[in-house]
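This report concerns only the one structure given below.
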Amino acid sequence: MKIFKYHSCENTFLVVDYQVNIKYDIISNNFCNKYNADGLVVFKNDPVQMFFYNKDGSTAKMCGNGIRVLMHYLYDRFGIYSYMDIKTDSGIYKCEIIEKTPFISSVSLGIGEYVDSFIKRTITIDGKDFEVTLFELGVKHAIVISNDLVEDEKYLKELFEHSLFDGNFNINLVKPLNNYIFEIITYEKGVGITKSCGTGAAASGYVLYSEYDMEENLIAVSPGGVLKVDIIDEIILIGESSFIDSYEETLWKFY
């Protein structure tokens, strides 16, 4: 198996071509730990499709940074695409190349939806109140407003395990800096705290725009770098990605 490693805002992925009878949950758990990656992107052609596995081997229906990394891989491999529709377990998404050096791409994520009308409600963790909104954008997200990310980061695991979320929501601690820039730290299902989360940034950006009167063109600053979130008719995620390395592995030891 040929393995390609990419990152977007230090959110790292291994990309492989689809093969039949491969236990990708096992592959993801082993190789992501071996090569220090957050997830495994599996590319299947005709139609172009992405299957996504978290570092622990669990699956996710969609990954915003992962699908843009796949677009980068397709450009590196075939060199002919300016845009492409990519099928996922969460639907079909349009990806587009914005620039090639550095490589910048976008993905149109649709409009998303609030979960159970849970908007700007307060929950308490260890005596501290947090204002929370639940929003699904291919992946379920909890957007948690924070005044101090450094102080509140210690609550991320407890928030993730809260009975309200039951381990099914990525937790995004979000701190607006002004009306168009916000800081974000994400605790991601199957991974833990990440350097960046694409759908998390996009979901958070939409909630800040719709519920907190921020601008429609937003900048999300994560520990790994910067992503843009544009809200037009759809939620558009834009960011850089980079190729890191490639590896070869034999698979007989897993069977």
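The values are calculated or read from the model by the stated rules, or taken from the named source; none is laboratory data. Predicted, not measured: the structure shown is a model, and the values here were computed from it. Note that we place each Cβ from the backbone using ideal geometry, even for glycine, and neighbour counts take in every protein chain shown. For accessibility, only protein heavy atoms count, side chains too; no ligands or nucleic acids. Shrake-Rupley method; radii C 1.70, N 1.55, O 1.52, S 1.80 Å.
Tell me, which residue of the stretch 64-83 that is over 13 Å from the mean Cα position of the chain (by Cα) and open to solvent by less than 20 Å² (accessible area, probe 1.4 Å) is nearest to Ser241 (Cα to Cα)?
Within the stretch 64-83, the match that is nearest to Ser241 (Cα to Cα) is His72.
Within the stretch 59-93, can you find the residues that are of a type in the set (A, V, I, L, M, F, W, C) and within 17 Å of Thr199 (Cα to Cα)?
Within the stretch 59-93, Ala60, Met62, Cys63, Ile67, Val69, Leu70, Met71, Ile86, Ile92 meet the criteria.
Tell me which residues, restricted to the stretch 195-215, are assigned to a helix (DSSP H, G or I), in contact (Cβ under 8 Å) with a residue 24 or more places away in the chain, open to solvent by less than 50 Å² (accessible area, probe 1.4 Å) and hydroxyl-bearing (Ser, Thr, Tyr).
Residues satisfying the conditions are Thr199, Ser204.
Can you report the number of residues in the stretch 87-136 which are part of a strand (DSSP E or B), among the small types (Gly, Ala, Ser) and more than 18 Å from Ser241 (Cα to Cα)?
Qualifying residue count for the region: 1.
Would you be able to say whether some residue in the stretch 137-160 is among the charged types (D, E, K, R), at positive phi and surrounded by 12 or more Cβ atoms within 10 Å (Cβ to Cβ)?
No, the stretch 137-160 contains no residue that is among the charged types (D, E, K, R), at positive phi and surrounded by 12 or more Cβ atoms within 10 Å (Cβ to Cβ).
State whether the residues of the stretch 164-187 include one that is in contact (Cβ under 8 Å) with a residue 60 or more places away in the chain, open to solvent by less than 40 Å² (accessible area, probe 1.4 Å) and of a type in the set (Val, Ile, Thr).
no
Does the stretch 7-23 hold any residues that are open to solvent by 10 Å² or more (accessible area, probe 1.4 Å) and not hydrophobic (A, V, I, L, M, F, W, C), and which are they?
Once the filter is applied, which keeps residues that are open to solvent by 10 Å² or more (accessible area, probe 1.4 Å) and not hydrophobic (A, V, I, L, M, F, W, C), the stretch 7-23 yields His7, Glu10, Thr12, Asp17, Tyr18, Gln19, Asn21, Lys23.
Just to check your reading of the model, which residue among Lys34, Lys61 is over 21 Å from Glu240 (Cβ atoms), in contact (Cβ under 8 Å) with a residue 40 or more places away in the chain and surrounded by fewer than 20 Cβ atoms within 10 Å (Cβ to Cβ)?
It is Lys61.
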